[in-house]
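Below is one structure, written out as structure tokens, with a few remarks after it.
The values are calculated or read from the model by the stated rules, or taken from the named source; none is laboratory data. Bear in mind the structure is a predicted one, so any value in this text is a computation, not a measurement. Cβ placement follows ideal geometry from the backbone for every residue including glycine, while neighbour counts extend to all protein chains displayed.
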Amino acid sequence: MKPYRKNPVGAHYGLGDWLMQRFTALVMAIYTIVALGYLLAQAPRNQADWKAMFAGGFFRVATMIFFAALAYHAWVGMRDILMDYVKPAYLSLALQVSVALVLLGYLVWSAAILWGGR
């Protein structure tokens, strides 16, 4: 009888990732409601108004938290899809690494936009 070996591919991450995906969805929903409320109340009319909106720390930090939640949410979803439907393990791993690198790049890009200083 062979000893039990955990399969390195397959969506067996369980409750923790399921809860984190729900939490990130909640974070994104709250940000969307707050941002829409602010936009309805203040209605930026030009670039200076948009720049002023992000000049304070609140919207910059809140937007960065939104993008981090979005990246993690997308990562969990894409990882599970790739593990479930891409059967060659090497291809699944290569695609997961590609998705992770793209999401990390988007996260760095969003930070550069928010704190770029132009």
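Condition first: closer than 29 Å to VAL61 by Cβ and at pLDDT 95 or above. Now tell me which residues in region 78-95 satisfy that. MET78, the sole residue that qualifies. Among the residues of this structure, PHE54 counts as one that is assigned to a helix (DSSP H, G or I) and under 14 Å from ILE113 (Cβ atoms). When the residues of region 69-118 are narrowed to those that are small (Gly, Ala, Ser) and buried (at least 16 other Cβ atoms within 10 Å of the Cβ), which ends up farthest from ILE33 (Cα to Cα)? My answer is SER92.
Scanning region 69-118 for residues that are within 15 Å of THR24 (Cβ to Cβ) and among the aliphatic types (A, V, I, L, M) returns ALA69, LEU70, ALA71, ALA74, VAL76, MET78, LEU103, LEU107. Among the residues in region 74-90, are any hydroxyl-bearing (Ser, Thr, Tyr), without any contact (Cβ under 8 Å) to a residue 12 or more places away in the chain and in a helix (DSSP H, G or I)? So far as region 74-90 goes, yes, one or more of its residues are hydroxyl-bearing (Ser, Thr, Tyr), without any contact (Cβ under 8 Å) to a residue 12 or more places away in the chain and in a helix (DSSP H, G or I).
Taking region 19-51 as the search range and keeping residues that are in a helix (DSSP H, G or I) and charged (D, E, K, R), which one is nearest to TRP75 (Cα to Cα)? Step by step, filter region 19-51, then rank; the result is ARG22.
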